[in-house]
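As structure tokens, the structure follows; a few thoughts come after it.
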Amino acid sequence: MKKSVDPSLLNGLALAYLGDAIYELRVREHLIQQGQTKPNVLHTQATTYVSAKAQARLIEALLEGNFLTAGEVDIFKRGRNAKSYSKAKNTDAQTYSYSTGFEAVMGYLHLTGQTQRLEELVSWCTGKIEEEKQEGAS
């Protein structure tokens, strides 16, 4: 028998733990659908989407653009404010906490079955990263 968990009662780090995997899976699917097939290229490209710095930039843009619902902002804050016992790798504490908040939103949307909304945000995020890449290439 599958045990049911109420996503609204989970702490921000638990939501982020799942959200990290969900977002990375969606990014990997996106890259493969774009025609990428070489594992080393896939990995390198995926890191531009899933790094803490990229996720922090994305959540800041989502917040500034008022793209998140009030409930999603609350989940972001729960993840951002969670006390992590691991240290940020290759980034500062604020970037790491924003990234954790971003991942918490992804995890929450997945756990609550809001697949369409999750896909909408992931699509927006991948488009934003691609836009940044294009601007960097010009």
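Nothing in this text is a laboratory measurement; each read-out follows from the coordinates by a stated rule. Here the structure is a predicted model, which means the values were calculated and not measured. Because the Cβ atoms are built from the backbone with ideal geometry, glycine has one as well, and the counts that use them run over all protein chains shown.
Taking Gln34, is it surrounded by 16 or more Cβ atoms within 10 Å (Cβ to Cβ), out of contact with any strand residue (DSSP E or B) (no Cβ under 6 Å at 6 or more places or on another chain) and closer than 17 Å to Lys133 by Cα?
no
Return a yes/no flag: does the range 55-78 have any residue that is in contact with a Gly (Cβ under 7 Å, 6 or more places away or on another chain), farther than 16 Å from Tyr17 by Cα and among the aliphatic types (A, V, I, L, M).
For the range 55-78, residues in contact with a Gly (Cβ under 7 Å, 6 or more places away or on another chain), farther than 16 Å from Tyr17 by Cα and among the aliphatic types (A, V, I, L, M): present.
Which residue out of Ala82, Ala61, Ala14 is small (Gly, Ala, Ser), touching a residue at least 60 places away in the same chain (Cβ under 8 Å) and within 27 Å of Gln134 (Cα to Cα)?
Ala61
Please pick out the residue among Lys133, Lys89 that is outside any helix (DSSP H, G or I) and among the basic types (Lys, Arg).
Exactly one residue qualifies, and that residue is Lys89.
Do you know which residues across the range 37-72 are assigned to a helix (DSSP H, G or I), surrounded by 11 or more Cβ atoms within 10 Å (Cβ to Cβ) and among the aliphatic types (A, V, I, L, M)?
Val41, Leu42, Ala46, Val50, Ala52, Ala54, Ala56, Leu58, Ile59, Ala61, Leu62, Leu63, listed by residue number.
Counting just the residues of the range 17-28 that are in contact (Cβ under 8 Å) with a residue 24 or more places away in the chain and not aromatic (Phe, Trp, Tyr), which one comes out nearest to Phe76 (Cα to Cα)?
Among them, the one singled out is Gly19.
Tell me, please, whether a residue that is surrounded by 15 or more Cβ atoms within 10 Å (Cβ to Cβ) and of a type in the set (Gly, Ala, Ser) can be found in the range 80-93.
Yes, the range 80-93 has at least one match.
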